């Protein structure tokens, strides 16, 4: 348990670091391009334009990081105080303060957040603006002084140690060994954290001294991943082989490295292939003097070419590093795939396996509770990831196409999790990111996907948006089937005397009370459970779609359940449930989670309208029970 908690904590910390840098990558690229174009040794030397290089790296980039770090902690006020504090660390050191900004930016956000919590409800009316402005200014100023006098100099010394350490690794030829840590960490979705949270800040300092840095290529090199995918193209089996060519194109040219991670999880031995490929690529880069003048984000071959120093030797070195890494990874991967056990590789199962390796737990309660409620009148869907670029951009593109084909006027956009608005309607994220997205937008309807390239969740969402009346019923089927054993013991849960044929009711309350009374008479629940069923329907309609309603008690009414069971009411002419016609009513009571088994059996049966019609036409209790029993 402790080991799992440590792993989760490390992953959250890494994601937080990358979340400060990734939204500002375009600024890094702008600085890199201006540097490559206009410095004395650039493509188009220009003394006037080159004057922007120093201020951008000294002031603009650290301030953006500090601003973003503060905003992640406490929105706009945190961003402003974080930027003020960052100014202190910038002036207090002689080197670009990327690491310093990563420290003081979040500290600034945290300090103003705690201050706001302390004075909440204590400021007299009319003085809010005065207190807000002066508190941010005073605290920001104090933090700037602290950063100037203490944090800046300390980070400068620490950065010097890191740079010297990297130089030592390069000088001793040990830098390739970093792939032993980097490549496995990437598969656990720490790629952005490693690249932009650790390597990029050190790399930028190296660029200032030498004009390029090899560190920008340690994680971004697409060679190890393309080797694995090409091996699957030739020697894979089943779905993995069929999907590998498309994944290879997206990975190599689109720069989305996450797409090859599940392929490694299908065959864990392939981690050796990417480690050896990464080591070979780094060795080649060190040998030939490769490096970039700016982070390559995303890690596409096009992005790498764009930020390669303009001399021929640099292009040769960088492309050779990618080529060698790809060849070595391909050869080792091909050997593993050819000599390993021949199975029908299942890419979806591999994606689920990835979550298990990361310590994920699953339960019906978590699955059903995590989604939220499908909103009405949906006009915007958000696909979110760490940076709001790579995987989320591709997922949004795929979903946007499906929405268009369905003829729906719904906007589909992608963004970073940190930028999700609080009033978001539907948010889609990769499974490991869903908890963060829920914290950002707790009232949104959240969808988790494991394979963003071809997730069945996209089609389910389109179906729910097209046929909203059936949405809750479909969710019960999908979620309950996934984690609850089906085939409940219908002999104990449903008895013939609890099936009521040819009923008619004037309204839904009358129908619900009848179902509740039947549960009481059958000995399933106490008398008070009936009122809890009414209260539950008033909270959220128990109409499930497909002419079916499933009234049940509130969470607090669990104590009134004596034993698990349910009753069935056949209403051939229907009864109105909030404007919907209901012909089958299932009153349920479950003890110790058994209600989920009942829901699973009912939902699976009732998801097929043919079964609904058969039950509505049933002439005996046993005939109706047989239809349910077959499921």
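Assorted remarks:
- Which of 87, 97 has the fewest Cβ neighbours within 10 Å, and the rest in rising order: 87, 97
- Here, the stretch 153-312 has an Rg and a Dmax of 16.1, 57 Å when only alpha carbons are counted.
- Summary of packing: across the peptides 562-569, 304-311, 212-219, 73-80, the per-residue average of other C-beta atoms within 10 Å ranks them, highest first, as 212-219, 562-569, 73-80, 304-311.
- On the principal axes of its alpha carbon atoms, the stretch 516-596 extends 32, 24, 21 Å, with the longest extent given first.
No lab work stands behind these numbers, since they all come straight from the coordinates. Note that the coordinates shown come from a computational prediction; the quantities given were computed from them, not determined experimentally. Virtual Cβ from ideal backbone geometry, glycine too; neighbours counted across all protein chains shown.
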